[in-house]
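Student: Sharing a structure below in structure tokens format, with a few things to ask.
Please treat every number below as a calculation from the coordinates, not as lab data. All values derive from a computational prediction rather than experimental measurement. For neighbour counting, all protein chains shown are included, and Cβ atoms are generated from backbone atoms with ideal geometry for every residue, glycine included.
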Amino acid sequence: MERGVDSVIRLRDAGYTYPKGVEAIRGLNLDVAVGEVLFVLGHNGAGKSTMLRLFNGLLKPTTGTVTVDGTDTAKVRPAQLSQTVGLVFQNPDAQLFRDRVSEEVSFGAQHGAGTDGTTEGFERAMTLLGLESVADRNPYELSLSWRKRVAIASVVAMGSPILVLDEPTRNPCPHRPDHRQAPPWSRLRGGDP
């Protein structure tokens, strides 16, 4: 599919081979339009997480090109790309580092591209992900499904125009009816919480 200037993410013949020689992606072509919601499905080891890490520059393509909002990801640092692409890892424990849920989400709100120094991003993310009742808890005292919500909220609070979620519905808490459902994805597109 050719979308031209409407593509906010574009991969052209993109590939990535890990240092030990494992080819994770080969010849991938993809266009993601502004406002588009894209779900990527595939077996374990198919290269989904690798592809998502190409979007924000955590990995650089070994072949082809990846551009985000017209910027070649191979030519800029991940810190610069994180202002445009907020990535939530599939394992929240690799992302969380604060002692309280509110501090974790507040960090995203204070350091993101779309922040203006107010608490608006923080409040929106806390409400959107239903974290008000656990705001003073240590994230590591929460179940894995709740830690995933905290990680998502911290990235949502950043206000990055592109939100990338790696396995966001993985590990729901089966013992709690209110945790069986994934966070409200339709509201992540900018609707009211």
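Student: Could you tell me the calculated FRET efficiency between PHE97 and THR63, based on Cβ-Cβ distance and R0 = 30 angstrom, to the nearest 0.05?
Tutor: Numbers: r = 34 Å, r/R0 = 1.12.
Given R0 = 30 Å and the Cβ-Cβ separation, E is 0.35.
Student: Can you check what the net charge comes to around ARG26, using other residues whose Cβ is under 15 Å from the Cβ of ARG26 (Lys, Arg +1; Asp, Glu -1)?
Tutor: Working: positive: ARG12, LYS48; negative: ASP13, GLU23.
Value of the local net charge: 0.
Student: Along its principal axes, what span do the Cα atoms of the range 4-76 show, with the longest given first and each in whole Å?
Tutor: Here the spans come out as 35, 28, 18 Å, largest first.
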